[in-house]
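What follows is a single structure, written as structure tokens, with notes after it.
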Amino acid sequence: MGGGGENKLCREVGGKVQLDGGWSFQAQFNAIAACNQEDDLSFKENSVKDVTDRGRVEGAARLQRALEETMNSLPGQWFVAAPAKRRKTMALEDQKDGDLAQAMAQAESEVRRDVRALLAPLRELEKVAGSAETNNAALDIFRQLKRLRVTVDCLKSTKIAVELNKSCWRGSQADPRVRDAASALVKSWRSMYRSQEGKPQGVSEAAKARRFQVLSVDLEESTFGMCPRIAQYCRAIELLCEAILNNHDLCRDLVS
């Protein structure tokens, strides 16, 4: 590069040489070439650029390790929800006033009656499914079902979910509006059923690992969506891992 006089005509900002034109052409060319080498954008690099795919994989892996470490340290069968019947029995034992239980039973009976009242015409519409009139009538029934406080016992008793799962409502040939409405109802009922009924005992380690992996990928995708820049992303992953490791209730809720 140039002599001492040329060195005084430049300055460094954040480690990068800034030229003012006082250098010779060859000196400027060499300096720019040295400063423009490709960066190694690893997960730990503090950069304004977006995090790389490699960094995202490492971020998801860190989240998975935090989940596994926390949940495996918890005592008891954290992976399994208590059976619904047992929870109901415990709740009733703690309830001194039997009037509440009676009111709940009455409300449950009324919901079943309303569901059956909607199920009957829906089965009739099934015979003529596909027309615009049938679709509109089915959508109206779905809207009414959505407003009802359907319980697990109601689902078992009325078999309403079985009806909505039929191809005329959820199949590829069904009207998109009908298919979406039926699918939304079935998914919400399935989620409620799983949360209340719990999972079978004896869940394998492989199943647990898959649960952790899926959850960690979901968390990483949400983090990247909000913080795509490397510096912010790394900090967000770090804070999220700390929260998982230090807040057992939060971790348990995420996994459940």
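No value in this document is a laboratory result; all are computed from the given coordinates. Quantities reported herein were computed from a predicted structural model and do not represent experimental measurements. We place every Cβ from the backbone using ideal geometry, glycine too, and count neighbours over all the protein chains shown.
Label positions at R194 and L74, each projected 7 Å from the Cα along the C-beta direction, are separated by 1.6 nm.
Rounded to 0.05, the FRET efficiency of the R252 and A61 pair, given R0 = 22 Å and the Cβ-Cβ distance, is 0.55. By the compact-protein rule of thumb, 2.2 N^0.38 Å, the alpha-carbon radius of gyration of segment 144-230 corresponds to a ratio of 1.46. Taking 18 Å as the limit for the C-alpha separation, the pairs K127/K166; K127/K156; K187/K208 exceed it in the case of K127/K156; K187/K208. log₁₀ I(q)/I(0) of segment 101-160 at q = 0.16, 0.17 Å⁻¹, via Debye over equal Cα point scatterers, no solvent, to two decimals? The Cα Debye sum returns log10 ratios of -0.53, -0.58. With Cα atoms defining each centre, segment 111-125 and segment 132-178 are spaced 10 Å apart in the structure.
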